[in-house]
Amino acid sequence: MTQTLGFVGVGDLAEYTISGLRRGGYRGRILLSPRNHEMSKKLAQDWQCKVMESNQAVADSADQLILSTRPGQCLEALGELSLRTNQLIISVVAGVSIASLQEVAGNNCSIVRAMPVNCARACASPTLIYPEHEVVCNLFNYCGDSIAADDESAFDQGNIIACVYTWYFELFQQLIDATSGDSLSTGMASKLVLGMAKGAASLALDEQATPGEIAEIIATEGTFSKLGLDILKQASAFEPWQQACDKLSKQMRS
């Protein structure tokens with residue numbers, strides 16, 4: 001892919017997406033809006049991007065325009081732009097529907113939503129896409145694996161999993177703290193916890209069985225694995241995760 005990308009909104013989301021694209025091998029031009037001067041300057045230096053004089057200059061020169069502003073600024077920023085007929089707009093802004101974007105941009109533009117998470121920086125983001133679009137899917141494959149949603153409701157529900165992703169880090173830290181000590185250093189515990197989390201995810205992706213079924217296969221009667229898993233289940237340790245997901249789902253629909 002050698003087309004030109006333009007980012008309107010240059011914050012953390014743009015930073016990790018651009019880092020992943022470049023690390024994954026994307027060699028096309030990347031143009032940046034100038035409003036976050038320090039971040040734009042850093043990305044230009046680190047990842048061979050070009051800072052333009054205005055958002056409109058980005059839109060004028062981009063084959064694909066990526067909206068990566070904060071949600072409250074998205075529609076205003078889009079409404080200020082003069083867009084070309086059939087221009088492809090990729091919104092990575094959470095919570096702003098295609099209908100809302102289309103109302104501002106007009107019906108002559110193609111609009112696709114995408115939801116990369118910050119492991120894009122490590123070229124490992126499972127990026128949800130809606131609607132399925134070959135160019136957009138190929139683009140986000142540079143920084144992980146694109147996954148097309150069947151409809152926008154599924155895309156919005158997938159936003160909850162993007163939040164769950166953040167919770168993993170706190171869980172990992174608790175497990176590291178719980179298993180390190182005088183005999184096992186924090187550094188070694190960290191390598192083991194994170195390495196086994198990566199291994200568990202890799203196995204679950206590779207197997208035909210569900211993650212729950214894999215847990216039952218491993219945690220057989222009389223094993224230490226089952227002993228610990230039983231304690232967690234008896235304490236309803238997994239219920240707060242369900243409650244947190246339910247709460248987010250209600251908030252996102254309101």
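The values are calculated or read from the model by the stated rules, or taken from the named source; none is laboratory data. In this text the structure is predicted, and so the values were computed from the model without any measurement. Quick reminder, even Gly has a Cβ in these numbers, built from the backbone with ideal geometry, and neighbours come from all protein chains shown.
Given the options Leu88, Leu78, Leu32, name the one that is among the hydrophobic types (A, V, I, L, M, F, W, C), touching a Ser or Thr at 6+ places or on another chain (Cβ under 7 Å) and buried (at least 22 other Cβ atoms within 10 Å of the Cβ).
So the residue among Leu88, Leu78, Leu32 that is among the hydrophobic types (A, V, I, L, M, F, W, C), touching a Ser or Thr at 6+ places or on another chain (Cβ under 7 Å) and buried (at least 22 other Cβ atoms within 10 Å of the Cβ) is Leu32.
Please go through segment 238-252 and pick out each residue that is loosely packed, with under 12 Cβ neighbours inside 10 Å and touching a helix residue (DSSP H, G or I) at 6+ places or on another chain (Cβ under 8 Å).
If the condition is that a residue be loosely packed, with under 12 Cβ neighbours inside 10 Å and touching a helix residue (DSSP H, G or I) at 6+ places or on another chain (Cβ under 8 Å), then Phe238 is the only one that fits.
Counting only residues that are in contact (Cβ under 8 Å) with a residue 40 or more places away in the chain and part of a loop (DSSP other than H, G, I, E, B), how many does segment 22-48 have? Spell out how you get there, then give the answer.
Taking segment 22-48 first, the residues in contact (Cβ under 8 Å) with a residue 40 or more places away in the chain are 23-26.
Now narrow it down to the ones that are part of a loop (DSSP other than H, G, I, E, B): 24-26.
The qualifying residues number 3.
Examine segment 206-215 for a residue that is in contact with a Gly (Cβ under 9 Å, 6 or more places away or on another chain), modelled with pLDDT of 95 or more and not assigned by TED's automatic domain parsing to the domain that holds Asp145, and state whether such a residue exists. Lay out the reasoning, then the answer.
Step one: of segment 206-215, the residues in contact with a Gly (Cβ under 9 Å, 6 or more places away or on another chain) are none.
The answer is no; no qualifying residue exists.
Identify, from the list Asp246, Asp177, Asp182, the residue that is charged (D, E, K, R) and not in a helix (DSSP H, G or I). Walk me through it before giving the result.
Values: Asp246 fails: not in a helix (DSSP H, G or I); Asp177 fails: not in a helix (DSSP H, G or I).
Result of the check over Asp246, Asp177, Asp182: Asp182.
Across segment 209-226, what is the number of residues that are over 22 Å from Gly158 (Cβ atoms) and either surrounded by 11 or more Cβ atoms within 10 Å (Cβ to Cβ) or in contact with a Leu (Cβ under 9 Å, 6 or more places away or on another chain) (or both)? Lay out the reasoning, then the answer.
Here is the first cut: in segment 209-226, the residues over 22 Å from Gly158 (Cβ atoms) are 209, 213-226.
Checking which are either surrounded by 11 or more Cβ atoms within 10 Å (Cβ to Cβ) or in contact with a Leu (Cβ under 9 Å, 6 or more places away or on another chain) (or both) leaves us with 209, 213-216, 218-219, 223, 225-226.
Qualifying residue count, segment 209-226: 10.
Looking at (1) modelled with pLDDT of 95 or more; (2) part of a loop (DSSP other than H, G, I, E, B), find the lone condition where Gly95 falls short.
(1)
Among the numbered criteria (1) part of a loop (DSSP other than H, G, I, E, B); (2) within 22 Å of the chain's Cα centre (by Cα); (3) polar (S, T, N, Q), which single criterion is violated by Ser236?
Unmet for Ser236, out of (1) part of a loop (DSSP other than H, G, I, E, B); (2) within 22 Å of the chain's Cα centre (by Cα); (3) polar (S, T, N, Q): (2).
Here are Ala114, Ala105: which of them is at pLDDT below 95 and crowded, with 18+ Cβ neighbours inside 10 Å?
Result of the check over Ala114, Ala105: Ala105.
Take the residues in segment 91-102 that are over 30 Å from Phe169 (Cα atoms) and among the aliphatic types (A, V, I, L, M), then tell me which one is surrounded by the most Cβ atoms within 10 Å (Cβ to Cβ). Give the steps one after another, and end with the answer.
Restricting attention to segment 91-102, the residues satisfying the condition of being over 30 Å from Phe169 (Cα atoms) are 98-102.
If we keep only those that are among the aliphatic types (A, V, I, L, M) too, we end up with 98-99, 101.
On the way: Ile98: 17, Ala99: 9, Leu101: 20.
The extreme case among them is Leu101.
Looking only at segment 124-136, count how many residues are surrounded by fewer than 22 Cβ atoms within 10 Å (Cβ to Cβ) and within 11 Å of Arg113 (Cα to Cα).
3
Could you run through segment 154-175 and say how many residues are modelled with pLDDT under 95 and among the charged types (D, E, K, R)?
Of the residues in that region, 1 qualify.
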